[in-house]
Amino acid sequence: MPPPNDTPAYHLVQHPRSLFIFQLDPKTPIPATLLQPTGAGTTTASFKSITWTHEEISVVCEHPPRHFPELNTGSESLVLNKPEDWECAAFSIRGPMELTLTGILSGLIAPLKEAGIPIFTVSTWNTDFLLIPIAQKGKTIKVLRQDGWTVED
């Protein structure tokens, strides 16, 4: 489903770097380096999301888990999934969007579902981020543009 209108707030912005999604046991201490702000006060784009539930810790950031020595102790990794399977291209809706808006994210992901492209989303106060496997980036852009979305280069 195309965006509700062509205002630049609904344009999709490509994140300049790959993002990695990985999962940790909820008892795993979060590495201090992962908790440090990135890009604050600079023009460097950065992204980091840590979601902690009683079942897991999901991490999305610009570095694979091997970047954090605390997660790779000896011969064991504290990472529960295979992060190399989830190196992602990321897009965000330019925004900012009001929290009262409905259907924007579902409209964005509907054509990707039809095309068989797996997704992972992260929402913030201002916008939504869409992560797709890096190998699907070109197909994703093509599908979204065909559906009427503006994907900025």
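What percentage of the solvent-accessible surface of the chain, computed with a 1.4 Å probe over protein heavy atoms, is contributed by carbon and sulfur atoms?
On the chain, the fraction of accessible area on carbon and sulfur atoms equals 55 percent.
Size of the dipole of segment 8-151 about the Cα centre, Lys and Arg at +1 and Asp and Glu at -1 on the beta carbon, nothing else charged, in debye to 20?
480 debye
Report the equivalent ellipsoid semi-axes for the chain in whole Å, largest first, defined as the square roots of five times the eigenvalues of the gyration tensor built from alpha carbon atoms.
Taking √(5λ) for each Cα gyration eigenvalue gives 29, 17, 14 Å.
Write down the accessible area per residue of segment 8-151 in Å², having rolled a 1.4 Å probe over the full set of protein chains.
Accessible surface, normalised per residue, equals 56 Å².
Using a Förster distance of 30 angstrom, determine the FRET efficiency expected from the C-beta separation of K139 and E70, and round it to 0.05.
0.25
Got the relative contact order for the chain handy, in percent, Cα pairs under 8 Å and 6 or more residues apart?
Answer for the chain is 34 percent.
Just the number, please: Stokes-Einstein D of segment 109-153 in µm²/s, Kirkwood Rh from C-alpha pairs, 10 °C, 1.306 mPa s.
Translational D for this selection: 143 µm²/s.
The values are calculated or read from the model by the stated rules, or taken from the named source; none is laboratory data. Note that this is a predicted model, so its numbers are computed, not measured. We place every Cβ from the backbone using ideal geometry, glycine too, and count neighbours over all the protein chains shown. What goes into the accessible areas is simple: the full protein's heavy atoms, side chains included, and nothing from ligands, DNA or RNA. Shrake-Rupley method; radii C 1.70, N 1.55, O 1.52, S 1.80 Å.
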